[in-house]
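Engineer: Structure below; questions to follow.
The values are calculated or read from the model by the stated rules, or taken from the named source; none is laboratory data. Since this is a predicted model, take the numbers as computed values, not measurements. Methodologically, a virtual Cβ is constructed for each residue, glycine included, from the backbone with ideal geometry; neighbour enumeration extends over all protein chains shown.
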Amino acid sequence: MGIFIKIKNLVKKIPKGRVTTYGEIARALKTNPQVVGWALHGNKNPAVPCHRVVFKNGSLASGYVFGGKKAQKEKLKKEGVRFLNQNRVDLLVNFWTPILSQGDFFRRRKIR
């Protein structure tokens, strides 16, 4: 399975009303945040809730594929996500950390 598919599958697990960062997705999948951004920017499937992925300071992505910052903010607000200011999500309240399956956890730690 390619990294873009893995990224999209993990993003599908982000619950409504929560957000995570490009870096958090990258850390979970052992890649870098730019790769996550490329995968989501190229996403054409609205079933992948890429609006729930923000920058590490909570700011929104101007390159959000389904309409830019304004559309991303509207979707997040409809889900109940709180904002600190115009375009910055309150990560203390809304942050979600990807949790991989137990098998992935042990493989990542090289414990057998």
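Engineer: Is it the case that segment 70-80 has a residue that's touching a Lys or Arg at 6+ places or on another chain (Cβ under 6 Å) and of a type outside the set (Asp, Glu)?
Structural biologist: No: segment 70-80 contains no residue that is touching a Lys or Arg at 6+ places or on another chain (Cβ under 6 Å) and of a type outside the set (Asp, Glu).
Engineer: If you don't mind, there's one more thing I want to ask. Identify all residues within segment 60-91 that are in a helix (DSSP H, G or I) and either surrounded by 14 or more Cβ atoms within 10 Å (Cβ to Cβ) or modelled with pLDDT under 95 (or both); write none if there are none.
Structural biologist: 68, 69, 70, 71, 72, 73, 75, 76, 91
Engineer: Does residue 111 qualify as being of a type outside the set (Phe, Trp, Tyr), surrounded by fewer than 17 Cβ atoms within 10 Å (Cβ to Cβ), more than 10 Å from the chain's Cα centre (by Cα) and at pLDDT 95 or above?
Structural biologist: Here the answer is no, as residue 111 does not meet what is asked.
Engineer: Moving on to the next point. Being buried (at least 18 other Cβ atoms within 10 Å of the Cβ) and not in a loop (DSSP other than H, G, I, E, B) is the filter here, so list the residues in segment 48-59 that pass it.
Structural biologist: 50, 51, 52, 53, 54
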